[in-house]
Amino acid sequence: MTGRAAPALALVDVVKRYGSRAVLGGVTLRVQPGEIVALLGPNGAGKTTAVEILEGYRGADGGEVTVLGLDPRRGGPALKARVGLMLQGGGLDPRSTPADVLRLYARLHDGARDPDELLATVGLAGVARTRVRRLSGGERQRLALALALVGEPEVLLLDEPTAGMDPEARRSTRALIGELRADGRAILLTTHDLADVERLADRVAILHGGRIVEEGTPGEVAAGALPRLRFRLARALAPSELGDLSLSLAAVAATARPVAEPGDGTGSYRVDGASPGPDLVAALATWCARAGVQLVELRAAAATLEERYLELTGDRDVEAVA
Amino acid sequence: MSRPAAPLRAVAALAGHELRLTAQRGENVLVTIVIPAGILVFFATVGAVPGIAGRPVDFLVPGTLALAVIASGLVSLGIVTAFERSYGVLKRLGGAPLPGWGLVAAKVVAVLALELLQVAVLLAVAAALLEWRPAATSSILLFAAAITGGTVVFAGLGLLLAGTLRAEATLALANGLFFACLVVGGVVLPVDRLPGPVEAIARALPASALSDLFRAALGTPIDVLGPVVVLVAWGLGAAVLAVRTFRWE
C-alpha cells in the first residue's frame, strides 16, 4: 500500500469466530477513497460478517479494523454520520412510508441531503407516501440505498445492494453507485451477482471459507483461470461414452476431465483441468472419429470471471452475467 | 459529509416518528385509549364493582389509569419494539448517528407523551360522562411518581419481552399479561376480593401496586409504602434484566 493514501476502510488479518466456528480466518481487505470493491462469495462465506465488523455492529476476535482511520466500535455517532449503511433486508418498518423514514434519518444528521430530492434520485418519488409493505422488493432496496446516502457519507457499506431488483432497477442502481465513486467515496459492496462485479467494481475480492482466496481487478481475477477447450457434439454423450472420452483425454493430460456445460443436455462440453494444447485437441478428434460422433464446434476460449469464481468456490448459485 | 444532529434534536425526531407510527396503528389506539376508556365507562355505568365503600367511578378512574400505563409500556411498546427487532429496524437505527442511549430515550419520551394523552382522555371522559371530580386531597406529586414508576416497570417489562422473545411470542404474552393485569391488578376488582393466596400474589405484582398508587394520588387514604416498595423492586428488576438480555436482532 506504499505511495497511496490511507485506506478509507481496512480489515487487516481479521478473525471472527461464532463459538468454535471460525467465520473469518484472517481476512485482509482495503478500500481507498474513490474506489468500489466488491466482496464476492457463496452464501455463508462470511461476507455479511465482514461488513458487520466494519459497521461496528460486531467486534472482531483478532486483527485490526479501521474505518476512516477510526475503530468502528468506538467511533460513536461522529463516525456513524460519515458512514452510509445498506443492510440485507433493509431494516425497514413495513408500516412506515419512504417519505417518513427518510425524513427521520435526515433529521438524525446535521447537513443531510434533502429527502425529497433523494427520493426522486432513487426513483421513489411516485411511492413516497406508500407504505413500505406495499413496495416491491426492488423499491425497498432503493429506499434502503437512499437511507445509506442521506447523510452524505464518505464511506458506503452496501450488503447485496442489487438483490431482488429487476434488470432495469439493477442498471439504474449500478449507475447511481458508479456516480458515488466519482465523488471520491469509498464503497464496499457484497454481491452474489457477477454483473455487479464486472460493470461496477474496480477490484473484486473472492471470499471463500472465511478467507480471501483471490483479489484483483475483475480482469486480473478472470485471467487467473485456465483457458478451456470447449466443444459441441452432434448429440449428447451417454455416461459410458463420457467415461471413455475421459480415459482417452487423460492419456495425454492426466488431470483433463470432460464435463457437460451447466444446464446443457444437447452436446456442449468443456474440458476442465487442462490447458487446450494441441495434444488434447488431437486426442479429442481421434476419440470422435473412433466413436463415430460428429464434432460440430471446437474452440479454445479464454476463461471468464464466472469460471474463475467457480474454480475457487464451487458455488453454482451465483448469478451469471446475462 | 455530515455530522450527527444534536442529541436532543435526534431524540425528538425519533420520538415524533414513533408517535406518528403509533397513532397510525389501529390496534395500538384500541389497546391504549379505547379499551381503558371503555372499561371505565362500562363498569362505572353498570356500577359493578363489588365490596367498595364509595362510588364505583372513584375506584375505576385510578384503576383504568394503571391499565393505560400497562397498555402503553407493556403492550404497545413491547409489541412494536419486538416487531422492529424482527424487521431489522433496530439494527439499522444502530448504524445511525444517534448516541447509544438515544433510542431508549426516544421510546420513553414517546411512551410518556402517549400516557399524557391517555390521562387527559380518561379524566375528561370521567368528568364529562361519569360526574367524576378530583378529590381535594389529590397529590400531583404522587400522581407523577405513579406514572414515572409505572412507566419504568411496564416499559422495562415490554422491552424485556421484545429483546428476548420472537415477535409473535411477545405479541401473545404481552396481551395475555394485559388481561391478567385487568383481572388481578386492582383495576376493576378490589384485590382484597380475590381468594387468599391469589390476593397475596396479586399484592406482590406491579399492576395492583400501580393501581393503589394512583388511588392514593387521587385522594383515597391508602398507605403508599407497600406499593412503592413493590414498584421500585419490579422497576429495578425489569430495567436491569432488559438491559442485560436485550438482543438487537
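Here are a few things to note about the model shown:
- Counts of other chain beta carbons within 10 angstrom of each beta carbon in peptide B:96-108 average 3.
- The range A:289-304 residues near the modelled A:Ala234 label - backbone nitrogen below 18 Å, point 7 Å along Cα→Cβ: A:289-298
- Prolate/oblate/rounded label for the range A:228-302 (Cα gyration tensor, a/c 1.5): rounded
- Only lysines eight or more places from A:Lys16 in sequence, or on another chain, were considered; those with a Cα closer than 25 Å are A:Lys47, A:Lys80, B:Lys91.
- Placing +1 on the Cβ of every Lys and Arg and -1 on the Cβ of every Asp and Glu, with nothing else charged, gives the protein assembly as shown a dipole about its Cα centre of roughly 660 debye.
- Per the Debye calculation on chain A with a single equal scatterer at every Cα and no solvent contribution, log₁₀ I(q)/I(0) for q = 0.09, 0.13, 0.15 Å⁻¹ amounts to -0.57, -0.95, -1.13.
- Taken about its Cα centre, the range A:1-88 carries a charge dipole of roughly 120 debye when the Cβ of each Lys and Arg holds +1 and the Cβ of each Asp and Glu holds -1.
- B:Val119/A:Ala78 FRET efficiency (R0 41 Å; Cβ-Cβ; nearest 0.05): 0.60
- Separation of the B:Met1 and B:Leu30 label points, Cα + 7 Å toward Cβ, nm: 5.2
- Debye, to nearest 20: dipole size of chain A, +1 on Lys, Arg Cβ, -1 on Asp, Glu Cβ: 520
- Gyration tensor verdict on the range B:7-245 (Cα atoms; rounded if a/c is under 1.5, prolate if a/b is larger than b/c, oblate otherwise): prolate
- Protection-proxy order for peptides B:58-65, A:198-205, B:5-12, each taking the mean of Cβ atoms within 10 Å per residue, highest first: B:58-65, A:198-205, B:5-12
- Of all beta bridges that DSSP places with both ends in the protein assembly as shown, some 65 percent have antiparallel geometry.
- Arranged from fewest to most other beta-carbon atoms within 10 Å of their beta carbon, A:His208, A:His109 become A:His208, A:His109.
- With contacts taken as Cα pairs under 8 Å at a separation of at least 6 residues, the range A:9-223 carries a relative contact order of 30 percent.
- Added length on full extension, which subtracts the Cα-Cα distance from 0.36 nm per residue, A:Leu295 to A:Arg21: 93.7 nm
- Chain B - percent relative contact order, Cα under 8 Å, separation 6 or more: 29
- Gyration tensor verdict on the range A:130-175 (Cα atoms; rounded if a/c is under 1.5, prolate if a/b is larger than b/c, oblate otherwise): oblate
- With the simple model of a label 7 Å out from the Cα in the direction of the Cβ, B:Leu236 to A:Ala302 spans 7.3 nm.
- Protection proxy ranking, peptides B:96-102, A:249-255, B:135-141, average beta carbon neighbours within 10 Å, highest first: B:96-102, A:249-255, B:135-141
- Centroid-to-centroid, using Cα positions, the range A:274-288 and the range B:11-50 are 80 Å apart.
- Remark: the range A:128-142, residue by residue, has Karplus-estimated 3J(HN,Hα) of 4, 10, 8, 5, 4, 5, 8, 7, 6, x, x, 5, 4, 4, 5 Hz, where x stands for each Gly or Pro and the curve is 6.51 cos²θ - 1.76 cosθ + 1.60 at θ = phi - 60°.
- Computed P(r) (all Cα pairs; the range A:110-212; 5 Å bins; percent): 2, 11, 22, 24, 19, 12, 5, 3, 1
- The distance linking the range A:6-29 with the range B:212-242 is 49 Å (Cα centroid to Cα centroid, whole angstrom).
- Percent RCO, i.e. relative contact order, over the range A:225-322, from Cα pairs under 8 Å lying at least 6 residues apart: 41
- For the residues of B:213-224, the average number of beta carbons from a partner chain within 10 Å of their own beta carbon is 0.
- With respect to chain B, whose longest principal axis is taken over its alpha-carbon atoms, helix B:102-129 is tilted by about 30°.
- An ellipsoid equivalent to the protein assembly as shown, defined through the eigenvalues of its Cα gyration tensor, has semi-axes of 63, 25, 21 Å when rounded to whole angstrom and sorted largest first.
- Between the residues B:Cys181, B:Val198, B:Ala238, the greatest Cα displacement towards the positive end of the dipole of chain B, with unit charges on the Cβ of Lys, Arg, Asp and Glu, is found for B:Ala238.
- Separation between Cα centres of the range A:63-108 and the range B:124-202, rounded to whole Å: 37
Since every read-out is calculated from the coordinates, none of them should be taken as a lab result. The model shown is predicted, which means the values in this text are computed figures rather than measured ones. Note that we place each Cβ from the backbone using ideal geometry, even for glycine, and neighbour counts take in every protein chain shown.
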